[in-house]
Amino acid sequence: MSERKQALPNGPLVGILVQVQYSPIVQMEEYIPVFQGCVRKNGYPLYKPIETGVVRAGPHGDPEKAVSKQWVFSSADTQQTIFLDSEAITYQVFDAQSLPFDTLLQNFISLVRELDAIADISLVSRLGLRYINSIQEKSNASWKDLVAKEFQGSSLPTHIEWMDNELRMFSMQRGVVLTDLSITSNFKVTLSQNSSGMKYPHGIQRFPTTKPEYFEPRSKVTFLDLDHFILFSAAPKAEVFARLLEIFHALHFILSDVFFETLITDKAKKLWQ
């Protein structure tokens, strides 16, 4: 989290994702060997191409099968991963507790500039920053003691004999005015739970495995998933890239403020210190 709100060393932060989306680069596959050569020498030696079957609407509205290609590059310990496709570059960091945010951000910006030098990005459509927090249910610390009541959802009638398998879901999205940047952004927070002890929400995986990771012992996990992003209407890259550092810092500060000031309780802050 931010420097003025020191990251909690025992906190629930399990992953950070930083992303730039751009106008489609149809020939991206042609640039992969050069990009892979650059990132391999800079700490991401693991590499794997991925093809996924997708169904899209055809020119007349009929469903058509297509193949979505993605290229994955990872550090040797798999703590830091780059996901690249024809429309986005995403930097996924699992050891975020030990990696200062400024270092993480500089790493990502270097990757974006490396890609731009090779593939020549033209227009930017989205910038995003996402924090994933996983709270494992423990006998001495229930999620209800750690998450603010406003985000716990409503209660059901007590006279009904409910089974003890409750899972909660809460989501909120708000627009944000980033006054200093004269930009509007979108903030979204989602609380969800799983009963099997999964460490990450669906869609998050540690390269190169595709198997879910679990907390041990396995118990209910509460995810606090915070996403802050800016949508552009085909913004020229020069205008956006010149401000990447300050834009991502602005996204970061909002995420930090919401987490510390609204989402978690005083008990949580003491427990995770």
Original post:
Rounded if a/c is under 1.5, else prolate if a/b beats b/c, else oblate: with a ≥ b ≥ c from the C-alpha gyration tensor eigenvalues square-rooted, which is segment 28-167?
Top reply: oblate
Original post:
Once label points are set 7 Å from the Cα along Cα→Cβ at both R243 and E29, what is their separation, rounded to one decimal in nm?
Top reply: 3.7
Original post:
In nm², what is the average projected area of the convex hull enclosing the Cα atoms of segment 56-134?
Top reply: 7.9
Original post:
What pairs from K237/K267; K41/K65; K48/K237; K188/K267; K211/K237; K199/K270 go past 32 Å between their alpha carbons?
Top reply: K237/K267; K41/K65; K211/K237
Original post:
How would you classify segment 166-228 from its alpha-carbon gyration tensor, with a ≥ b ≥ c the square roots of the eigenvalues: rounded for a/c under 1.5, else prolate if a/b is greater than b/c, otherwise oblate?
Top reply: oblate
Original post:
Relative contact order, percent, of the chain when contacts are C-alpha pairs under 8 Å separated by at least 6 residues?
Top reply: 24
Original post:
Which residue fluctuates the most in the chain, going by a Gaussian network model with Cα springs under 10 Å, if the choices are G203, G128, G15?
Top reply: G203
Subject >> Ranking of V177, V124 by count of other Cβ atoms within 10 Å, fewest first >> reply: V177, V124
Subject >> Gaussian network model of the chain, Cα within-10 Å springs - most flexible of I25, I16, I230 >> reply: I25
Subject >> Exposure proxy order (Cβ contacts within 10 Å, fewest to most) of M169, M163, M28 >> reply: M163, M169, M28
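With the Cα gyration tensor of segment 202-273 giving a ≥ b ≥ c as the square roots of its eigenvalues, does the rule (a/c under 1.5 for rounded; else a/b larger than b/c for prolate; else oblate) give rounded, prolate or oblate?
Numbers: a/c = 3.12, a/b = 1.46, b/c = 2.14.
Judged from the Cα gyration tensor, segment 202-273 comes out oblate (a/c at least 1.5, b/c at or above a/b).
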**OP:** Would you kindly state how much longer the chain becomes between S155 and A234 on full extension, computed as 0.36 nm times their sequence separation minus their alpha carbon distance, in nm to one decimal?
**Re:** 24.0 nm
**OP:** Could you pull out every residue, at least 5 positions away or on a different chain, whose amide H is within less than 5 Å of the one on S122? Hs are placed 1.01 Å off N in the peptide plane, and Pro or chain starts have none.
**Re:** S23
Original post:
Taking the C-alpha atoms of the chain, how large are the radius of gyration and the largest Cα-Cα span, Dmax, in Å?
Top reply: 20.1, 65
Original post:
Among F170, F101, F229, which one moves the most in a GNM of the chain with springs linking Cα atoms closer than 10 Å?
Top reply: F170
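All of the numbers you see were taken from the coordinates with simple rules; none came from a lab. Treat the numbers as computed from the prediction; the structure is a model and nothing was measured. All Cβ positions, even for glycine, are placed from backbone atoms using ideal geometry, and neighbour counts span all protein chains on display.
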